[in-house]
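See structure below.
The values are calculated or read from the model by the stated rules, or taken from the named source; none is laboratory data. In this text the structure is predicted, and so the values were computed from the model without any measurement. Here Cβ is always computed from backbone atoms with ideal geometry, including for glycine, and neighbour counts include all displayed protein chains. Ligands, DNA and RNA are excluded from the accessible area calculation, which covers all protein heavy atoms including side chains. Shrake-Rupley method; radii C 1.70, N 1.55, O 1.52, S 1.80 Å.
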Amino acid sequence: MNEEKDRTSPEAWPSEWLRGCVELCTLRAIADGPTYGYAIASGLESSGFGSIKGGTLYPLLTRLERAGWVSTTWGAGDGGPGRKFYHLTPAGVDHLAHAASDWTRFANLVTDYLTHPIDERH
């Protein structure tokens with residue numbers, strides 16, 4: 001028996017879709033103020049994106065730092081070891097604004113394409 005995934009659960013999102021937006025969503029999470037990796041992953045999961053694994057998130061954070069969009073500081077953990085906190089740089093704020101605008105235009109294009117009858121597309 002071939003059972004379909006529950007399309008309301010985060011696990012239903014195709015991995016290709018998540019790969020396309022995880023960078024932008026991570027920058028958006030950091031825009032709310034200094035935060036650390038586990039909090040970013042937890043916030044994305046609670047927002048409906050599903051589980052973002054450390055093997056995906058931490059290399060992404062390193063790439064964002066190398067690009068100059070994120071800076072880091074070390075701070076105290078909650079009763080444990082220190083945590084690496086991520087902050088958006090001014091360049092990161094600018095990049096996020098432009099990328100979010102581009103994403104919105106792209107998402108609208110896809111939505112329009114998928115929702116208009118085929119004979120109206122040409």
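Miscellaneous remarks
Every residue, every condition in (1) open to solvent by less than 50 Å² (accessible area, probe 1.4 Å); (2) of a type outside the set (A, V, I, L, M); (3) part of a helix (DSSP H, G or I); (4) in contact (Cβ under 8 Å) with a residue 40 or more places away in the chain, yes or no:
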| position | (1), (2), (3), (4) |
| --- | --- |
| CYS21 | yes, yes, yes, yes |
| ALA29 | yes, no, yes, no |
| THR104 | no, yes, yes, no |
| ASP119 | no, yes, yes, no |
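- For GLU45: the one exception among (1) touching a residue at least 24 places away in the same chain (Cβ under 8 Å); (2) more than 11 Å from the chain's Cα centre (by Cα): (2)
- Residue check for GLY77: over 19 Å from ALA99 (Cα atoms) and touching a residue at least 12 places away in the same chain (Cβ under 8 Å): no
- Per-region count, the range 70-96, residues assigned to a loop (DSSP other than H, G, I, E, B), small (Gly, Ala, Ser) and either farther than 23 Å from THR26 by Cα or open to solvent by less than 50 Å² (accessible area, probe 1.4 Å) (or both): 4
- Against the conditions (1) closer than 23 Å to SER101 by Cβ; (2) touching a Gly at 6+ places or on another chain (Cβ under 9 Å); (3) crowded, with 18+ Cβ neighbours inside 10 Å, ALA41 satisfies every one except (1).
- Checklist (1) in contact with a strand residue (DSSP E or B) (Cβ under 9 Å, 6 or more places away or on another chain); (2) under 15 Å from THR26 (Cβ atoms); (3) of a type in the set (A, V, I, L, M, F, W, C) applied to ALA99, failing item: (1)
- Selection from the range 44-67 of residues that are open to solvent by less than 30 Å² (accessible area, probe 1.4 Å) and either closer than 21 Å to HIS95 by Cβ or in contact with an Asp or Glu (Cβ under 8 Å, 6 or more places away or on another chain) (or both): LEU44, GLY50, ILE52, LEU57, LEU60, LEU61, LEU64
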